[in-house]
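Undergrad: What follows is a single structure, and I will ask about it in a moment.
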Amino acid sequence: MGFENFGTVSFTAAAKAADFMTHLEAGKVMTTRCRNCGASYFPPKADCPACLSSDVDWFEIKGQGKLNTYTIVNYGPTGFENDAPYILALGEFEGGIQILARLGRDIKPDDIKVGMSLAISPVKLPDNRVAYEFNKV
Amino acid sequence: MRVKNSHYGAANPKATYRKELGLEDILNSEVITSPLKKFDCCANADGASCIIVARGDVAKGITQVPIWIIGLGAATDTMTMAGRKSLTGLECAQEAGKQAYKMAGLKPQDIDVAEVHDCFTVSEILAYEDLGFAKPGEGVGLIEDKQTYADGKIPVNVDGGLLSKGHPIGATGGSQIRTIVRQLRRQATEAQVKGAEVGLVHNIGGIGQYGNVTILRR
């Protein structure tokens, strides 16, 4: 089981951090922290770019994040044409972890403010596909 | 930025976009992904480029004006943009620039003409800052003062840039080298920078995963 069911378009089936999908399907957005140097990453990495260790721990992204910036995508790239318009946002969560995700459809463009609070949760897409998105708190 | 690059693109017979655009044309174009509009984005293009590289003594035998590679820099960054230290610059470009300047023994103010990776209008401003042509946050001032036009302090993308030429990905870097070689050989009749002796090429791969900086001298 890998990333073949991830997102609108999956760019890879095999990945060393494929446990991410198992957690996502179980309702949790999880990522990794390096046990050697303590650096944490999103998306998860099985190998730490900072110290090159492969000894990593999984933890759940919980609590409130804040919106750092966003863009309204009117023209999606190949494979995403039918999804547009959608909003891509950069949120910052506990420990300074930065996450790029779509804003849920429950957030309207007029309600978006940089600095606003966000939550993150898995989202089910058609054809048994899964992703994650930001939601209102 | 696009007004400048479209001005020079109109004079470049190899450019995809050869129409000179006014500020209103650009500001009134449709939003692709906010705040970037159609004319803030380079077009996908097909293309090919070729560079002949030879040992010094061989080069002297095959051309009257060999152009010398005097500085090279290459650096990489993480695949994901979200986790990077800064979103207002590309660290791979800053590092590649530092390496190339060091190898050439030159400073940003020694560059007479440059080609930078303007895949979007904002990318050219970030390149000014990453290469030291402007301090961080001051890249906008450089174009507002028209200092990157052919007769400015540091002419940049006076062949129209990727914004006018289009971006054939693998061929783009070679096209940038060609422009600087023509400038240093004083063959850039459409927009020759007077007395150009040293030129710089800044090329970015992916979304800032790879940065390459090359400094050339006539």
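Undergrad: Name the residues in the range B:183-198 that are out of contact with any strand residue (DSSP E or B) (no Cβ under 7 Å at 6 or more places or on another chain), surrounded by fewer than 20 Cβ atoms within 10 Å (Cβ to Cβ) and either on the phi < 0 side of the Ramachandran plot or of a type in the set (Val, Ile, Thr) (or both), would you? Working first, answer last.
TA: Filtering the range B:183-198 down to residues out of contact with any strand residue (DSSP E or B) (no Cβ under 7 Å at 6 or more places or on another chain) leaves B:185-192, B:194-195.
Right, trim to surrounded by fewer than 20 Cβ atoms within 10 Å (Cβ to Cβ) and you get B:185-187, B:189-190, B:192, B:194-195.
Residues satisfying the conditions are B:185, B:187, B:189, B:190, B:192, B:194.
Undergrad: Could you figure out which of (1) more than 11 Å from chain A (Cβ to nearest Cβ); (2) surrounded by 12 or more Cβ atoms within 10 Å (Cβ to Cβ) isn't true of residue B:38?
TA: Exception for residue B:38: condition (1).
Undergrad: Identify the residue in the range A:1-15 that is surrounded by fewer than 15 Cβ atoms within 10 Å (Cβ to Cβ) and of a type in the set (Val, Ile, Thr) and, among all such residues, is nearest to residue A:88 (Cα to Cα).
TA: A:9
Undergrad: What's the number of the condition residue B:92 fails, among (1) away from chain A (no Cβ under 14 Å); (2) crowded, with 16+ Cβ neighbours inside 10 Å; (3) under 17 Å from the mean Cα position of the chain (by Cα); (4) not β-branched (Val, Ile, Thr)?
TA: Of everything listed in (1) away from chain A (no Cβ under 14 Å); (2) crowded, with 16+ Cβ neighbours inside 10 Å; (3) under 17 Å from the mean Cα position of the chain (by Cα); (4) not β-branched (Val, Ile, Thr), residue B:92 misses just condition (1).
Undergrad: Among the residues of the range B:161-197, which ones are hydrophobic (A, V, I, L, M, F, W, C) and touching a Ser or Thr at 6+ places or on another chain (Cβ under 9 Å)?
TA: Passing the criteria: B:162, B:163, B:171, B:177, B:180, B:188.
Undergrad: Filtering the range A:85-109 down to residues that are in a strand (DSSP E or B) and of a type in the set (Gly, Ala, Ser), which residue is surrounded by the most Cβ atoms within 10 Å (Cβ to Cβ)? Steps first, please.
TA: Start the filter on the range A:85-109 by keeping residues that are in a strand (DSSP E or B), which leaves A:86-93, A:97-103.
Keeping just the survivors that are of a type in the set (Gly, Ala, Ser) gives A:89, A:91, A:101.
On the way: A:89: 24, A:91: 26, A:101: 23.
Per the criteria, the residue is A:91.
Undergrad: OK, next. Restricting attention to helices (runs of 4 or more DSSP H) lying wholly within the range B:60-165, give those where 1 or more residues are hydroxyl-bearing (Ser, Thr, Tyr), touching a residue at least 60 places away in the same chain (Cβ under 8 Å) and in contact with a strand residue (DSSP E or B) (Cβ under 8 Å, 6 or more places away or on another chain). Lay out the reasoning, then the answer.
TA: Numbers: elements: B:91-104, B:121-130, B:139-144, B:161-165.
Of the helices (runs of 4 or more DSSP H) lying wholly inside the range B:60-165, those with at least 1 residues that are hydroxyl-bearing (Ser, Thr, Tyr), touching a residue at least 60 places away in the same chain (Cβ under 8 Å) and in contact with a strand residue (DSSP E or B) (Cβ under 8 Å, 6 or more places away or on another chain) span B:91-104, B:121-130.
Undergrad: Then there's this: Of all residues in the range A:33-84, how many are farther than 30 Å from residue B:31 by Cα and either outside any strand (DSSP E or B) or more than 14 Å from chain B (Cβ to nearest Cβ) (or both)?
TA: 26
Undergrad: Could you please tell me which pairs satisfy a Cβ distance under 7 Å, a separation of 6+ or placement on different chains, a first residue in the range A:66-83 that is within 14 Å of residue B:82 (Cβ to Cβ) and free of Cβ contacts under 8 Å to residues at least 24 places away in the same chain, and a second residue that is surrounded by 14 or more Cβ atoms within 10 Å (Cβ to Cβ) and of a type in the set (S, T, N, Q)?
TA: Partner pairs satisfying both residue conditions: A:71/B:33; A:71/B:34.
Undergrad: When you check residue B:98 against the structure, is it loosely packed, with under 15 Cβ neighbours inside 10 Å and either farther than 25 Å from residue B:170 by Cβ or aliphatic (A, V, I, L, M) (or both), yes or no? Break it down stepwise before answering.
TA: Values: loosely packed, with under 15 Cβ neighbours inside 10 Å: no; either farther than 25 Å from residue B:170 by Cβ or aliphatic (A, V, I, L, M) (or both): yes.
No.
Laboratory data are not the source of any read-out in this text; all were calculated from the coordinates shown. Here the structure is a predicted model, which means the values were calculated and not measured. As a convention, Cβ positions derive from the backbone with ideal geometry for all residues, glycine included, and neighbour counts pool all protein chains shown.
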